[in-house]
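Right, one structure below, let's go through it.
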Amino acid sequence: AKRAGRNRVSYFTRSLQDDAERRMRLVADMHAAIEQAQFSLVYQPIVHIASGKVRKAEALIRWQHPERGHVSPADFIPIAEETGLILPIGDWVMRTGIKFARDLQARLGETVQISLNKSPVHLRNRKPGYPSVVELLAEYGVSGSLIAVEMTEGMLIEADEQTLQRLYALRDAGVQVSLDDFGTGYSSLSYLKKFDIDYLKIDQSFVRGLSAHSSERALCEAMIVMAHKLGIEVVAEGVETHEQLALLREAGCDYAQGYLFSRPLPAEHFEVWLRENG
Ligand code: C2E
Ligand code: CA
Ligand code: CA
Ligand code: CA
């Protein structure tokens, strides 16, 4: 028993070491990725259900690593948040998204609001050299109405006074604020009112299980009814089937996003898609 115990400990220790090494490599690689422009943004249309029109899209980061290939943001964003690298990465995301919104409007002659994911760590920690979204909008001469910011529920629960002021500054600049992954965290609907949220995004875990007699259907309907009573619009994420879309339409959901319409697309492909389907 003693030996087994010791083996278990050494095995465990080794795996933790591997993990630490893996993380250190990933951190070093992320530094290089920023310098070598290995990141890009892809854009996924957000469809207005009643009209079928597309006037919004979400920007999602992609990392093409020279040896590992595609690295998922679900893997590297959490480590970027823990190590502070989210600041340069988030700054790059905001700049790239804002410039894209501006250029797209200039080329199409109509507004497509670009929704940018903002890490709570990025919103909380202001550092010299990293301007706020409001400052970036001024720098690029872009109206706040071209941009939305997506943040998660945890953000609001932990919000300190400074963070709140930054949220209000965003609102004052005309930037819409959207609450991501709604239903997966702990926040109550009262947060939505208190922080003057414009949209909530029903998490794809609810949409995945949507069918006529599912509990997900009842949950989606309840979220939509309550959001509307508070004057908040609703986006459903991860919509993959016509059945899901039909049930969401019936429930009065405002917007849908998912593979049913389009996967997230590189900038040029998104623009072509928009001209053909928008
Ligand atoms: P999220 O913000 O909830 O983004 C939605 C995710 O669902 C994206 O994964 C998107 O590609 C995926 N998706 C869209 N439609 C469908 C569908 O119909 N079915 C399924 N199964 N999935 C769908 P992605 O791009 O891998 O991003 C994962 C997460 O990484 C994001 O979740 C977000 O939390 C984070 N992330 C992505 N880009 C950024 C960024 O620029 N900044 C920050 N801070 N986080 C980001
Ligand atoms: Ca999002
Ligand atoms: Ca989400
Ligand atoms: Ca999510």
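The values are calculated or read from the model by the stated rules, or taken from the named source; none is laboratory data. Worth saying up front: this structure is predicted, and the values here are computed from it rather than measured. When we count neighbours, we look across all protein chains shown, and the Cβ atoms used for this are built from the backbone with ideal geometry, even at glycine. These accessible areas exclude ligands, DNA and RNA; they are computed on the full protein's heavy atoms, side chains included. Shrake-Rupley method; radii C 1.70, N 1.55, O 1.52, S 1.80 Å.
Structural remarks
- Residues of region 104-141 that are away from ligand 4 (no atom under 16 Å from the Cβ), modelled with pLDDT under 90 and not in a loop (DSSP other than H, G, I, E, B): VAL121, HIS122, LEU123, ARG124.
- Test: GLU271 is over 19 Å from ASP180 (Cα atoms), open to solvent by less than 50 Å² (accessible area, probe 1.4 Å) and either assigned to a helix (DSSP H, G or I) or in contact with a Cys (Cβ under 8 Å, 6 or more places away or on another chain) (or both): yes
- Residues located in region 92-133, provided they are acidic (Asp, Glu) and open to solvent by less than 20 Å² (accessible area, probe 1.4 Å): none
- Count of region 64-84 residues which are open to solvent by less than 10 Å² (accessible area, probe 1.4 Å) and either part of a loop (DSSP other than H, G, I, E, B) or in contact with a helix residue (DSSP H, G or I) (Cβ under 6 Å, 6 or more places away or on another chain) (or both): 1
- Condition met for LEU260 (open to solvent by less than 20 Å² (accessible area, probe 1.4 Å) and either under 29 Å from SER215 (Cβ atoms) or not in a loop (DSSP other than H, G, I, E, B) (or both)): no
- Scope region 238-250; condition over 18 Å from VAL42 (Cα atoms), touching a strand residue (DSSP E or B) at 6+ places or on another chain (Cβ under 9 Å) and open to solvent by less than 30 Å² (accessible area, probe 1.4 Å); matching residues: GLN244, LEU245, LEU248
- Residues located in region 224-244, provided they are of a type in the set (A, V, I, L, M, F, W, C) and either within 16 Å of ligand 4 (Cβ to nearest atom) or in contact with a Phe, Trp or Tyr (Cβ under 9 Å, 6 or more places away or on another chain) (or both): ALA227, ILE232, VAL234, VAL235, ALA236, VAL239
- The residues listed here are GLY278, GLY258, GLY183; of these, the one that is away from ligand 4 (no atom under 16 Å from the Cβ) and small (Gly, Ala, Ser) is GLY278.
- Any hit, region 228-237, residues being in contact (Cβ under 8 Å) with a residue 40 or more places away in the chain, surrounded by 16 or more Cβ atoms within 10 Å (Cβ to Cβ) and part of a helix (DSSP H, G or I): no
- LEU146 vs. criteria touching an Asp or Glu at 6+ places or on another chain (Cβ under 7 Å), more than 21 Å from ILE34 (Cα to Cα), open to solvent by less than 10 Å² (accessible area, probe 1.4 Å) and at pLDDT 95 or above: no
- Of GLY97, GLY52, all but one fail to be small (Gly, Ala, Ser), outside any strand (DSSP E or B) and on the phi > 0 side of the Ramachandran plot; the exception is GLY52.
- Residues of region 211-225 satisfying the condition of being in a helix (DSSP H, G or I) and not β-branched (Val, Ile, Thr): SER215, GLU216, ARG217, ALA218, LEU219, CYS220, GLU221, ALA222, MET223
- Hits in region 175-210 - residues which are part of a loop (DSSP other than H, G, I, E, B), more than 16 Å from ligand 2 (Cβ to nearest atom) and either at positive phi or surrounded by 13 or more Cβ atoms within 10 Å (Cβ to Cβ) (or both): PHE195, ASP196, GLY209, LEU210
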